[in-house]
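Just below is one structure, and these are the notes that go with it.
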Amino acid sequence: MCIRDSLAPALGATRLDLHSTLKRAGRGNAAAGSHRLRELLVIGQVALAMLLLIGGGLMIRSVVRLNQADIGMTTQHVWSVPLPLPRSRYPEEWQVARFYNVVAARIAELPGIVAVGATSVEPFSGMNLVNDVTSEELAAEHPSAGYLQAVWRVVSPGYFEASGVPLLLGRDFGEDDQFDRVPVAIVSRSLAERLWPGQDAVGKRLYWGGTDGTPRTIVGVVGDLSDVAVERERAPTLFLTTRQLAWPGMSLIVRAERDIPGIAGLVRQAVWAEDAGLPVPVVRPLAESRAQATATPRLGATILAVFGAAALVLALVGLYGVLSYAVVERTREIGIRMALGARPGTVLGWLVGRGMRLAAIGIVVGLAAALALTPLVRDLLFRTTPTDALVLGAVPVILVAVAAVAAFVPGWRATRIDPATAFRAE
């Protein structure tokens, strides 16, 4: 009787399906739906991190290129001084012209000053002036039609030197270019190429605005510049002289060979020496104005980068939590496997592989979403494409590295499980 009672359980054990037993040990009491929900949440977190990091990376690349962009002028040791004049006190054009000439001459005499000029367009203000420009040759064929619209501004002699815009051909405006002399103009290189492709623009004539007046003779060609908005492409530009067109809302451009302590006070004294009734002039470093002009894209890049980093942390925590729970849930299964001879590396590879599969799915989903949203971000970027290879290559590598760390820690803990302790776990 005793022998029969002892042999029955042993014989029953030989008929056990070990694979089914391990699966039951692994499942525990958790529902399959709960597993899937947690895994879907991790995939969503990884996809969101992927999307935000790509967006932040593209914006950062764009801002870097924006800050490094050659705008065609210098901002180092250069200041701008907006000086609008009230028409009630300066009703005549000659009065306006004289004021800016005298003030510029006073500032130019200060120690360390390289050049002083004036312009009707405040640098990096975002505002510009546009008008029709027609070459004399085209006007003879189509007298009523403008050839193209070009940016234009009024500048004083010395402006190009003060702003660092290179003179490529011809000459700068001079003292002889007066109201009663031949109307003259200077054009940027791109405007010269548009109006007279393959020809020397110096000596050519064009109409500014309508074609029924006197054409202006080109006396010089200068480099293109982006002094209104850094992110805009350099526009064809026409320059007129203050000697022939007085503009009451000019900004002085002051360039020095070095930083000058108290430059703002010295400039104000020069202005008030000519007209003490004017408001306190604002003296702005041009480098600071440029930085402020790019503040919005920098802020956007910072926000996206912060959200991307937060999403990355959430993905890290989520993946770590799911795999840690899997270790706790399958403690008995892991113990049985190790008791039967499973190597620690096999257990580690199983858990890391599970985590990397979830991360890979999230990366693919996030990449697909980023590519689908390409049209929405294209206009926000500066000289950067939404499919920038560096960003699209670096972000997945970062996510894979983070996922590997998040998966390795629970996997390493699983390899330290004592089989005897696992058998006693409920």
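The values are calculated or read from the model by the stated rules, or taken from the named source; none is laboratory data. All values reported here derive from a predicted model rather than from experimental measurement. Glycine gets a Cβ as well: all are built from the backbone with ideal geometry, and neighbour counts include every protein chain shown. For the accessible areas, the whole protein counts, side chains as well, though only heavy atoms, and no ligand, DNA or RNA atoms are used. Shrake-Rupley method; radii C 1.70, N 1.55, O 1.52, S 1.80 Å.
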Elements of type strands (runs of 3 or more DSSP E) contained in segment 156-219, each with 2 or more residues being crowded, with 18+ Cβ neighbours inside 10 Å: 184-188, 205-208
Segments classed as strands (runs of 3 or more DSSP E), wholly inside segment 24-138, with at least 2 members that are under 30 Å from VAL202 (Cα atoms) and in contact with a His (Cβ under 6 Å, 6 or more places away or on another chain): none
Inter-residue pairs, beta-carbon under 8 Å, first without any contact (Cβ under 8 Å) to a residue 60 or more places away in the chain and in segment 380-400, second open to solvent by less than 40 Å² (accessible area, probe 1.4 Å), 6+ apart: THR387/THR374; VAL400/ALA359; VAL400/ILE363
Segment 265-283 residues that are free of Cβ contacts under 8 Å to residues at least 24 places away in the same chain, paired with ones that are open to solvent by less than 60 Å² (accessible area, probe 1.4 Å) (beta carbon under 6 Å, 6 or more apart): ARG268/PRO281
Candidates GLU141, GLU175, GLU136, GLU193, filtered to the one that is farther than 26 Å from ARG98 by Cβ, touching a residue at least 40 places away in the same chain (Cβ under 8 Å) and of a type in the set (Asp, Glu): GLU136
Residue match in segment 57-64 (condition: open to solvent by 30 Å² or more (accessible area, probe 1.4 Å) and touching a Ser or Thr at 6+ places or on another chain (Cβ under 7 Å)): yes
Residue list for segment 96-107, restricted to those being aliphatic (A, V, I, L, M) and buried (at least 17 other Cβ atoms within 10 Å of the Cβ): VAL96, ALA97, VAL103, ALA104, ILE107
Residue match in segment 298-305 (condition: under 30 Å from VAL409 (Cα atoms) and either open to solvent by less than 40 Å² (accessible area, probe 1.4 Å) or of a type in the set (Val, Ile, Thr) (or both)): yes
